[in-house]
Amino acid sequence: MAQKLPKESPSLESAMERISEIVTSMEDGNLSLEKLIDSYEEGIALVKACQEKLDAAEKRIQLIARDARGTVLLKEFERQDD
């Protein structure tokens, strides 16, 4: 059976590491259909958790800029897609 997610979601780094492990095991081709489905479910849950963490981090990131008078302004982080 697939490894269940703990009640508290894993850190982004550990979730990404686990996703990598899942992908590797699925690509090996040695898993039964049931294990593949369980692994897929776990992977999807981890990807969702990662996306939620990244979305929350993006909302928190703000650049501090000063206007001509020296007033601190909070400016939303502008994503640069490469």
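State whether one or more residues within segment 41-55 are touching a Ser or Thr at 6+ places or on another chain (Cβ under 9 Å), part of a helix (DSSP H, G or I), closer than 15 Å to PRO10 by Cα and of a type in the set (D, E, K, R). Taking every residue of segment 41-55 in turn, at least one turns out to be touching a Ser or Thr at 6+ places or on another chain (Cβ under 9 Å), part of a helix (DSSP H, G or I), closer than 15 Å to PRO10 by Cα and of a type in the set (D, E, K, R).
ARG18 passes every criterion in (1) part of a helix (DSSP H, G or I); (2) at pLDDT below 85 apart from (2).
Report yes if some residue within segment 59-66 is modelled with pLDDT of 65 or more, closer than 30 Å to VAL23 by Cβ, of a type outside the set (Gly, Ala, Ser) and part of a helix (DSSP H, G or I); otherwise report no.
The answer is yes; a qualifying residue exists.
The values are calculated or read from the model by the stated rules, or taken from the named source; none is laboratory data. Predicted, not measured: the structure shown is a model, and the values here were computed from it. Glycine also receives a Cβ, built like all others from the backbone with ideal geometry; neighbour counts cover every protein chain displayed.
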